[in-house]
Amino acid sequence: MNNSVSGTGRLLWAGLRALLVLTVVCGVIYPLAVTGVAQAFMGHRADGSEVRSGGRVVGSSLIGQSYTLPLKKGQQTPAPDLRWFQPRPSDGLGTNSVNTRYKLLVSGATNRSGDNAGLIKWVEDAKSAVIRDNSTAGYRVRPSDVPADAVTSSGSGLDPDISPQYAKLQVHRIAARDHLSVARVERLVADHTTGRALGFVGEPRVNVLELNAALRQLVGD
């Protein structure tokens, strides 16, 4: 019996030592090492790819944001604030009841097929709105000028980027609304256009949050 008790005691002590060692290694040393490496070599990404404007964090470059006017009485969806570059559409994701401040928290696609009547009407209405909103007294947007990302949401609905074509399409409207020259706004878009990764992976893109943060500094808003 004594041998049985002492054997059990040794097993329990061995298990306790293993628990303590693994707790220290996996629960303390490993997280600190990973955090240290991340902060040393990619601190900006490790902290959430935060974008700052006016001395404060305004969002993450990884998550799209909407730029809309306050919701008016009788409106179901707010109108876009046309002083700012607009992102890809993010409709069709349902209502977020968890965090009503950040409505883009809900992620997902519409899951509608290409021949769905509701989706077709949504895209046609979005295209008409893009043409109407971005046409100015001296610049007329043609239907053929509207790129696909201006009227369709991404698979997640949270895409932070738009194509250079869509950004350039908005230049004349931004210039007119913010009292800037077209050349100055075109240069702003060019400065915030990112090419293909490694020269051949993906497509050129413009991060809308970073672009609008730079626009805010330019207009002093």
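List the residues, sorted by chain then number, that are 5 or more residues from Val141 or on another chain and whose placed amide H is less than 5 Å from its amide H.
Ser135, Thr136
Convex hull volume of the Cα atoms in the range 1-89, per residue, in Å³?
For the range 1-89, the hull spanned by Cα atoms encloses 227 Å³ per residue.
Using the Karplus curve 6.51 cos²θ - 1.76 cosθ + 1.60 with θ = phi - 60°, what ³J(HN,Hα) values do you get for each residue of the range 198-209, in whole Hz, with x for Gly and Pro?
6, x, 8, 9, x, 10, x, 8, 10, 7, 5, 5
Looking at the chain, identify the longest residue range that excludes and avoids all trypsin sites (Lys or Arg not before Pro) in DSSP loops having at most 11 other Cβ atoms within 10 Å.
That gives 1-71 as the longest site-free run.
Once amide H atoms are built 1.01 Å from N in the peptide plane, which residues 5 or more positions from Leu82, or in another chain, come under 5 Å H to H?
Those lying under 5 Å, H to H, from Leu82: there are none.
In whole Hz, what ³J(HN,Hα) sequence does the range 26-32 give by Karplus (6.51, -1.76, 1.60; θ = phi - 60°), x for Gly and Pro?
Going residue by residue, I get 7, x, 10, 5, 4, x, 5 Hz, with x marking Gly and Pro.
Taking only the alpha-carbon positions of the range 53-219 and ignoring solvent, what does the Debye formula give for the base-10 log of I(q)/I(0) at q = 0.17 Å⁻¹?
Here log10 of I(q) over I(0) equals -1.18.
How far is helix 117-134 tilted, in degrees, relative to the longest principal axis of the Cα atoms in the chain, given as a value from 0 to 90 rounded to the nearest 10?
For helix 117-134, the angle is close to 60 degrees.
Which net charge results when you count Lys and Arg as +1 and Asp and Glu as -1 among the other residues whose beta-carbon is under 10 Å from that of Arg196?
0
Is it possible to state the helix-based mean residue ellipticity at 222 nm for the chain, with each DSSP H run of 4+ residues giving -39500 (n - 2.57), the sum divided by total residues, to the nearest 500 deg cm²/dmol? What is it?
The per-residue figure over the chain is -13500 deg cm²/dmol.
For the range 46-54, take each phi angle, set θ = phi - 60°, evaluate the Karplus expression 6.51 cos²θ - 1.76 cosθ + 1.60, and give the result in whole Hz per residue in order, putting x for glycine and proline.
Coupling constants for the range 46-54: 5, 8, x, 6, 5, 10, 10, 8, x Hz.
If we count every other residue with Cβ under 14 angstrom of Val171's Cβ, Lys/Arg +1 and Asp/Glu -1, where does the sum land?
Combined, the nearby Lys, Arg, Asp and Glu give +2.
According to the square roots a ≥ b ≥ c of the eigenvalues of the Cα gyration tensor, what is the shape class of the range 1-47, taking rounded for a/c under 1.5, prolate for a/b larger than b/c otherwise, and oblate for the remainder?
The shape class here is prolate.
Each reported figure results from applying straightforward, stated rules to the coordinates on display, with no laboratory input. Everything quoted here is computed from the prediction, not taken from an experiment. When we count neighbours, we look across all protein chains shown, and the Cβ atoms used for this are built from the backbone with ideal geometry, even at glycine.
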